[in-house]
1. Please list, in chain and number order, the residues 5+ apart from A:Arg165 or on another chain whose amide H is under 5 Å from its amide H, with Hs placed from the backbone.
2. What nm value, rounded to one decimal, do you get for the distance between A:Arg52 and A:Asp144 when each label is placed 7 Å out toward the C-beta?
3. Determine ³J(HN,Hα), in whole Hz, for all residues of the range A:34-47 in sequence, where each value follows from phi through the Karplus function 6.51 cos²θ - 1.76 cosθ + 1.60 and θ = phi - 60°; x replaces Gly and Pro.
4. What ranking, highest mean first, results for peptides B:11-17, A:50-56 when packing means the other Cβ atoms within 10 Å averaged over each residue?
5. So if we plug the beta-carbon distance of B:Glu73 and A:Ala241 into 1/(1 + (r/R0)^6) with R0 = 60 Å, what FRET efficiency do we get, rounded to 0.05?
6. Each label point is 7 Å from the Cα along the Cα-to-Cβ direction; what then is the distance between the points at B:Gln106 and A:Glu8, in nm?
7. Please list 3J(HN,Hα) in residue order for the range A:13-18, calculated via the Karplus relation 6.51 cos²θ - 1.76 cosθ + 1.60 where θ = phi - 60°; whole Hz, with x for glycine and proline.
8. Quick one: what are the phi-derived ³J(HN,Hα) couplings along the range B:26-43, Karplus 6.51/-1.76/1.60 with θ = phi - 60°, whole Hz, x for glycine and proline?
Amino acid sequence: MTRLIPSEHELHAYIDDRLDPVRRAEVQAWLVANPQEAARVEAWRNDARRLRAALAGFGEVPGPAQLDLRQVQRRLHQRRQRRLASAAALLLALGLGGLGGWQARQATLFAGLLPMEDAVQAHRLFAGGTALDVQASDLVQLQDWLTRHFDRVGQLPDLSGYGLRPVGARLLSNEEGAAALLVFQDGRGERVSLFLRSPGERYGPMPSGQRTDGGLEARYWSHGAYNFALVSGADDARGEAVRRALGVSL
Amino acid sequence: MHDLDEQQWRELLQRLRRFALWLCRDSGSADDLVQATVERALSRSHQRHEAADLRAWLFTILYRLFLDAKRRERLHARWLAWFGRSQEEASGGETESIVQAQADLQVFARLSTEQRALLLLVSVEGLSYKEAAQALDIPIGTVMSRLSRARATLRDLTEGNPAPPALRRLK
C-alpha cells in the first residue's frame, strides 16, 4: 500500500466521496495515522453535515405558488407568438405611466386564454378600487371620455333603471391597442364593468357568449368596431338585461 | 423534464429555489430566477437530459441567468447613479429572518456568493466536481481551490476567529 500523503484536494474529495475506492482506503488509513489532519477533515465534514441539516426544507414554497410545467409551457408558447405585440403593449403601458401602466401590463399578460379573459382581469384589478383615470358620476361625462378615446363607439345607455350609476373609467392597453374599462355601481356598492377594445388579429370579432369565472360572469359580444364584455357578479340578476341594453345602444 | 412525477418535480423546484435564494437573498428575485430557469429549460428541452444530469443542467441555467441578472443590475445601478440616484439596498427580508434564526446559516451567509454557490452544489446538492464546474462555468482546478478556501473560511467563521483574508494561505 502506497502511503503517499494525500493532497488538500484529495482530502476534500474524500469528504465528498469522490475518490476511487482504492485511494479512498489509502486516505482513510493515512488519516488514522494522522489524527490532527483527521480532526481537520472531520470538522469540514461536520460543517457540510450541519449545512445540509440547516438547509433541509429551506426554499420550500409556502402556499400554492407552485410552478406548473404545463402552464409554463403554454405561456411560453403564447409568449413566442406575441413577443412583438407585447413590446408594443409595454410601450403603451409605459406611456400610460406609473403603476397603473404596469398593472395594465399585468392584465394583458393574462389575456388570451379565454374569451375576454382580459376583461375579467381588468375588472378584478380596477373595478373595485379607486385607481381610475376619470371619476365620472354622470353619463355625459363618461360618454365624452369614451368618445375621445374610441371614436367609433355608440352611445352609452342610461343604466339607472337598473340602479347603476357611472363611477369612472380607465384606459388600458393590450397587445393590439387601447382598451377601456367603464365602471358602474349600484346603491349597495355592487359594481359592474363594461370593457371594450378593438378586435385585431388575435381577438377577431367573436360570437356572443358568456362564461363564469371565479364568481364573475362575463358576457361578451362584438359590435361595429369593437369587442365588448360586461363583467358582473355571477349572481347579479341584472346581468342579462344590462347586457341587452348595452348591446342595443352601443 | 416531462417524465418527472409531481413529487420529483416539486422536490426539484425546491432545490432550485433554495439555490436561487442563496444567490439572490430575496425571495421575490429567487422566484423570478427559478421561473426563468424553468422557462429557459423548457424552451430548450430538445436538448435531451437524463434524470440524473437534469438537475446539474438546471443549476447551470439558473446560475447563468443569475450572473446575467447581476450584470444587468450593475448596469442599472450605473444608470441610476448617472441620474443622481443612489442604489437601493436590497433588503432580502424573508431569507434574512431565516438566516438570523440559525447560527449555522448566519455563518454560511457571510461567505462570498461564489463560495456559497459552490458549497451548495457540492455539499448540499451532491453534484460532482465536474458538474459543479460546468454549472459555475469555471475550470475544475478552480472548483477545487475555491472549495478548499470556502471550507476553510466556513471553519474559521464557525470557530469565531476569522482570519484576515490577506493573511490566508493561497492555494
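Bear in mind these aren't lab numbers, they're just calculated from the coordinates by the rules spelled out. Please read these numbers as outputs of a predicted model, since none were measured by experiment. Quick reminder, even Gly has a Cβ in these numbers, built from the backbone with ideal geometry, and neighbours come from all protein chains shown.
1. Close amide H contacts, sequence-distant or interchain: A:Gln185, A:Asp186.
2. 7.3
3. So the Karplus estimates, Gly and Pro as x, are 10, x, 5, 5, 4, 5, 4, 4, 5, 5, 4, 4, 5, 4 Hz.
4. On the way: B:11-17: 19.7, A:50-56: 17.0.
Averaged packing, sorted descending, gives the order B:11-17, A:50-56.
5. On the way: r = 54 Å, r/R0 = 0.90.
After rounding to 0.05, the efficiency reads 0.65.
6. 2.8
7. Each residue of the range A:13-18 in turn: 4, 5, 4, 7, 6, 10 Hz.
8. 7, 5, x, 5, 4, 5, 4, 5, 4, 4, 4, 4, 5, 5, 4, 4, 5, 6
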